[in-house]
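To keep things clear, I will list the structure first and then write my remarks on it.
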Amino acid sequence: MTDNYSFPITPPPELVQQWVDTYLGGRVSHVDLAAQVAQWGADQDLEACCEWMTRMGYWGDDGKAIPALRVARRPKPSSLKEQALEIVKGTPVNSAGLYSYEHVEIIRRALEQLDD
């Protein structure tokens, strides 16, 4: 049998215990816990790729390849304003010119943030 903690993508036992304590303490849902674990693993993989690129001497012609990779793989989420603008600029969901409930909710939340 393989020792699961020998793989670099496996979280350290202390971190797993922290997640379990948080989850069992009722502070996050199982969906949130799964997302947190998946994000941690993806971040570990991205950093391993960046380290490999550094060891191999790959920085690109302008020296910005690794920072650009991090930005491309971990973009900032769009603000509500940006999301609402994209929805309004786009094509309505159906032929009657109506948007989906999710689209309307994004626009509503963005409008609620505006000052009167």
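Figures for the structure shown
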item	result
The chain, Cα convex hull volume normalised per residue, Å³	241
Segment 64-116 - Rg (one decimal) and Dmax (whole number), Cα, Å	15.1, 46
Eligible lysines near residue 89 by straight Cα distance, threshold 21 Å, same-chain separation 8 or greater	76, 81
Under 13 Å, Cβ to Cβ, from residue 79 - net charge with Lys/Arg +1 and Asp/Glu -1	+1
Per-residue [θ]222 nm for the chain (sum of -39500 (n - 2.57) over DSSP H runs n ≥ 4, rounded to 500)	-19000 deg cm²/dmol
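Throughout, read-outs are computed from the coordinates displayed, never taken from laboratory work. Since we're looking at a predicted model, the values are computed, not measured. Cβ sites come from the backbone with ideal geometry, for glycine too, and all protein chains shown count toward neighbours.
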